[in-house]
Structures are given as structure tokens and as C-alpha cells.
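Here the structure is laid out as C-alpha cells; the discussion comes afterwards.
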Amino acid sequence: MRKNIVAGNWKMNKTLTEGIALTKEIAYATSGKNLKCDVIIGVPFVHLASVTELLRESSIKVSAQNCADKVSGAYTGEVSAAMVASTGAKYCIIGHSERRTYYGETYEILKQKVALALENNLKPIFCIGETKEEREAGNQNAIVKAQLEGSVFNLSPEEFKQLVIAYEPVWAIGTGLTATSEQAQEMHSFIRSLINEKYGDTIANDTTILYGGSCNSANAKELFSKPDVDGGLIGGASLKANDFVAIIESF
Ligand code: PEP
């Protein structure tokens, strides 16, 4: 059975002190509760070591938001998948639309990042999704298919099983515009059908597909009620413990 997951993506927010305080608040608010989903927080690189140490006894897992597409060496400012894994982080967000748009991350670069994350036992949270223009032109399915084919459908079944997929329509990220639960279900079901075609029924049914894009405590329950929506990747609403925990408790 696939896992339900609520994952936070803090993006470039919170100093280390603020991040530690937020981690403590989330851990305190969820501890001892019978949660119906796994919880992951995606923190900036400089928070990783401290946050994983803080959460050593907790069921909350830690994710990086990116990793380098190179193994090691003269790449000033980059952070490798091995470095991320050495902090105790278990996940790595790869292919977020902000990375694709602002940092020119191509299908090929993302393919390298996914491969390196997997080599280092990090589970990629692989993000896909169409822009507003692409949806208005009716191209959303073709885009999402190309993103999967371009960066992750090269993986072996054993490798693919390590992935979490996040469907994040770009027009919904940080905009306050959320996909309707019907739009999310339609796309998640399409994504699952593509995984089925490529890797078969068992892997398709076992793959967690998260929705991301202005998901909050007011709309999470409705989105998560859909059969192919297995949780959320949460940006803005993951920056306040109360909001994030309310989303977790939507399950
Ligand atoms: C995200 O950045 O992954 C995201 C979904 O952001 P927001 O929830 O703020 O739209």
C-alpha cells in the first residue's frame, strides 16, 4: 500500500534559529498523535544537520530542496547528494518548478540529480506540472508525460519505487489559486496510468503522488479525499506550525 505523505517545502525562508524553532513546534504538536500520514520537512541546506539531529527520535523525516547534478569537485557553491545524505536527511526535492524556471534545470540535469540522489539512498520527491499557458492550451497531460519521460522513466523498477511524485501545477504555486480537487484527481489518475504503462500495476498503485500548489488547511481535506491524491507538498502553509499541523491532521 502506498503511503500518505504531507511534506513541507520551506523554500528560502527561515534563518537557522527560526528553522530550529519551527521544527520544535511541529515536533511538539505532532508527538504522541496517531498521524494518518508520514511527515517530511524540506529545509534549506544549512538547516539539514541541525534539524535531522533535533528529529532523531521523531517520526518526522527531513528533505533537502535540491542537490547537485555532479558527484563532487570544483563546483563552487553546490551541495552534493552525498553531502545531503551525510546529514541524515532521507529525501530530496528535485525538479521543483522554481528550480526549472529560475535556475534553468533541464530534463537532463534533473535526470542526473535523481540518479545521484538514489545512489546516495535519498528518496527523490520529483516535481512535475504545467504552466498556466500550457493548461490553457490543453497541453497539461503532454507536459507532465514529457517531464516524467525526460527525467525518471529511464529508472529501473527498483529505482523508480524509491520516488515520490509531486504534481504541482505552476499556476497554483504560491498564487493562492488551487487546482480543484477534480482537476487534481484527473491529473493524478493520468500520472498513475503513465506509471502503470511503464512499470506495471503494482508499482503504479504503490507510488505516492502528492498535490502541491496553494494547498492549505482549508482545502487539504477535500484534495486529500480524492483516491489518487496521496497527500501534499506544502510551500507557504508549511512555514507556520499551526497551519502545517492542521494540514497533516486533514488525513
Ligand atoms: C511549493 O513550493 O512546492 C508549493 C506548493 O508552494 P505553495 O504551497 O506556497 O503554493
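The values are calculated or read from the model by the stated rules, or taken from the named source; none is laboratory data. Values in this document were obtained by computation on a predicted structure and should not be read as measured data. Don't worry about glycine lacking a Cβ; one is built from the backbone with ideal geometry, like all the others, and counts go over all protein chains shown.
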- Query: Just for segment 38-54: of the residues that are in contact with a helix residue (DSSP H, G or I) (Cβ under 9 Å, 6 or more places away or on another chain) and within 16 Å of the ligand (Cβ to nearest atom), which one is farthest from His188 (Cα to Cα)?
  - Reply: Pro44
- Query: When the residues of segment 210-251 are filtered to those that are of a type in the set (Ser, Thr, Tyr) and either assigned to a helix (DSSP H, G or I) or surrounded by fewer than 19 Cβ atoms within 10 Å (Cβ to Cβ) (or both), which remaining residue is farthest from the ligand (Cβ to nearest atom)?
  - Reply: Ser225
- Task: Return yes or no: is Ala81 among the aliphatic types (A, V, I, L, M) and either buried (at least 16 other Cβ atoms within 10 Å of the Cβ) or within 16 Å of the ligand (Cβ to nearest atom) (or both)?
- Result: yes
- Task: Scan segment 149-175 residue by residue and report those that are surrounded by fewer than 18 Cβ atoms within 10 Å (Cβ to Cβ) and either out of contact with any Leu (no Cβ under 7 Å at 6 or more places or on another chain) or of a type in the set (A, V, I, L, M) (or both).
- Result: Glu149, Gly150, Phe153, Asn154, Ser156, Pro157, Glu158, Lys161, Gly174, Thr175
- Task: Please go through segment 45-59 and pick out each residue that is farther than 13 Å from Leu22 by Cα, assigned to a helix (DSSP H, G or I) and more than 20 Å from the chain's Cα centre (by Cα).
- Result: Glu53
- Item | Qualifying position, being modelled with pLDDT under 95, of a type in the set (Gly, Ala, Ser), within 13 Å of the ligand (Cβ to nearest atom) and in contact with a helix residue (DSSP H, G or I) (Cβ under 6 Å, 6 or more places away or on another chain), among Ala184, Ala179 | Ala179
- Note on the structure: Checked Gly213, Gly174 against criteria (touching a Pro at 6+ places or on another chain (Cβ under 7 Å), under 17 Å from Thr101 (Cβ atoms) and of a type in the set (Gly, Ala, Ser)); the one match is Gly213
